[in-house]
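Trainee: My structure is below; once you've seen it, I'll send some questions.
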Amino acid sequence: MIKTNLPIYSLIILIAFLINIIVICNISYKKNRFNYDLLYLLIFEHIGMVIGAKVYSYFLDPAKYNYQFNIYKVGFSSVGAVIGIIIMSIIYIKLFKINVKTIIETFICSVPLVYSIGKIACFLTGCCYGINYNGPFSITYHYSPNNNNGISLFPVQILESIVFFIIFIITYKIVIKNKISNKTVGTITIAIFVSKFLLDFLRYTHMNNIISFNQIICIPFILIGLLLIFSKKEYINTQK
């Protein structure tokens, strides 16, 4: 929205990572798990988050990057970040035989929190913008590098930020109250990906599509959430 040479997007993503680390440390402290193992968990999480987000963004539209993967120039995808966190969590569990519930309690707040803050970066730089809209709260970019200047748009990034911050607050309270289980994780998963699925209809890129690739990717996660809710076997509290 403003003309500046500052790397606003990168700065806000960095702030999101720092706040995420503070929140995870706070959770670990309250649960008496504040130790050196937490450092390794944080390293694994953020490696998975960054690489997953970048690789997913690249394969979603390689032509945008001239078919050359440059980790510094490729965008940041929230869906890719989630996939990256899951993969690195599985690797960490296999390597260190840590409790699945511990991993979930440590990382489950990260997804809605980082996404919520990241959407502020998208709003300020004009990416992931909304559909054409002339109603209340509409926005018009003048210095965006995304060919959307001078068009009245729906502020979908701000709506996403608000929705996912609410999900983060609810998730944080569930974790602190030690109510993590199949049902709560399944409910949180559904809340995250149903919200992502529905909000995608308000994005500009969705205007000529019945369903977007991001929405297709959301469907398996929603089904996993339903599986957790209705499963009779408790997967979350396993010691493996």
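Trainee: Just from its helices, what would the mean residue ellipticity at 222 nm be for the chain, if runs of 4 or more DSSP H residues each count -39500 (n - 2.57) and the sum is divided by every residue, rounded to the nearest 500 deg cm²/dmol?
Mentor: Value at 222 nm, helices only, nearest 500: -21000 deg cm²/dmol.
Trainee: What pairs from LYS119/LYS232; LYS54/LYS183; LYS94/LYS232; LYS179/LYS232; LYS30/LYS101; LYS97/LYS119 go past 26 Å between their alpha carbons? Write down the numbers at each step before the final one.
Mentor: Working: LYS119/LYS232 36 Å; LYS54/LYS183 31 Å; LYS94/LYS232 24 Å; LYS179/LYS232 17 Å; LYS30/LYS101 15 Å; LYS97/LYS119 35 Å.
Table pairs above 26 Å Cα-Cα are LYS119/LYS232; LYS54/LYS183; LYS97/LYS119.
Trainee: Let me ask something additional. Counting Lys and Arg as +1 and Asp and Glu as -1, what is the net charge of the other residues whose Cβ lies under 12 Å from the Cβ of ILE13?
Mentor: +2
Trainee: Moving on. Let's see if you can work this out: charge +1 on each Lys and Arg Cβ, -1 on each Asp and Glu Cβ, no other charges. What is the dipole magnitude of region 8-230 about its Cα centre, in debye to the nearest 20?
Mentor: 580
Trainee: Same structure again: Stick to the Cα atoms of region 149-225, pair each with every other, and give me the Kirkwood hydrodynamic radius in Å at one decimal. Don't skip to the end; give the middle numbers.
Mentor: Working: mean 1/r = 0.0722 Å⁻¹.
Value: 13.8 Å, from the Cα pair sum.
Trainee: Calculate one ³J(HN,Hα) per residue across region 205-216 by plugging θ = phi - 60° into the Karplus curve 6.51 cos²θ - 1.76 cosθ + 1.60, and present them in order as whole Hz with x for glycine and proline.
Mentor: Listing the rounded values in order: 5, 8, 4, 10, 10, 6, 8, 8, 5, 4, 5, 4 Hz.
Trainee: Residue by residue through region 114-124, what is 3J(HN,Hα) from phi via Karplus (6.51 cos²θ - 1.76 cosθ + 1.60, θ = phi - 60°)? Round to whole Hz and write x for glycine and proline.
Mentor: 5, 5, 4, 5, x, 5, 5, 4, 4, 4, 6
Trainee: Expressed as a whole number of Å, what is the distance separating the alpha-carbon centroids of region 148-185 and region 33-50?
Mentor: What the calculation gives is 22 Å, centre to centre.
Trainee: For ARG203, ARG33, what ranking results if the residue with the fewest other Cβ atoms within 10 Å of its Cβ goes first?
Mentor: ARG33, ARG203
Trainee: In which sequence would THR125, THR205 go, from the one with the fewest C-beta neighbours within 10 Å to the one with the most? Mind showing how you got there, number by number?
Mentor: Working: THR125 23, THR205 15.
With the sparsest Cβ surroundings first, the list reads THR205, THR125.
Trainee: What is the projected area of the convex hull of the Cα atoms of the chain, averaged over all directions, in nm²? Walk me through the intermediate numbers first.
Mentor: On the way: hull surface 55.4 nm².
The Cα convex hull of the chain, projected and averaged over all directions, gives 13.9 nm².
Trainee: I would also like to ask the following. Work out how far the C-alpha atoms of region 92-168 reach from end to end along every principal axis, then list the three figures in whole Å, largest first.
Mentor: Result, largest extent first: 54, 24, 15 Å.
Trainee: May I ask for the Kirkwood hydrodynamic radius of region 1-130, worked out over all distinct Cα pairs and given in angstroms to one decimal?
Mentor: 15.6
Trainee: Starting from the Cα gyration tensor of region 61-199, take the square roots of the eigenvalues, sort them a ≥ b ≥ c, and report rounded, prolate or oblate (rounded when a/c is under 1.5, otherwise prolate if a/b is larger than b/c, else oblate). Let's see the in-between values first.
Mentor: Working: a/c = 3.13, a/b = 1.56, b/c = 2.01.
Cα axes put region 61-199 in the oblate bin.
Trainee: Further, regarding this structure: Can you put ASP37, ASP61 in order of Cβ neighbours within 10 angstrom, beginning with the fewest? Intermediate values should be presented prior to the final figure.
Mentor: On the way: ASP37 15, ASP61 12.
Ordered by Cβ neighbours within 10 Å, fewest first: ASP61, ASP37.
Trainee: What is the helix-to-structure angle for 182-199, meaning the angle in degrees between its Cα long axis and the longest Cα principal axis of the chain, kept from 0 to 90 and rounded to the nearest 10?
Mentor: That helix lies at roughly 0 degrees to the long axis.
Trainee: Helix 8-30 versus the longest principal axis of the chain: what is the Cα-based angle in degrees, 0 to 90, to the nearest 10?
Mentor: 20
Trainee: Counting only chymotrypsin sites (Phe, Trp or Tyr not before Pro) that sit in a DSSP loop (anything but H, G, I, E, B) with at most 12 other Cβ atoms within 10 Å, what is the longest stretch of the chain containing none of them?
Mentor: Working: sites that count: TYR67, TYR72, PHE137, TYR143.
Longest gap between qualifying sites, sites excluded: 144-240.
Every read-out reported here was derived from the displayed coordinates using simple, explicitly stated rules and does not represent laboratory data. Owing to the predicted nature of the structure, the values given are computational and were not obtained by experimental measurement. We place every Cβ from the backbone using ideal geometry, glycine too, and count neighbours over all the protein chains shown.
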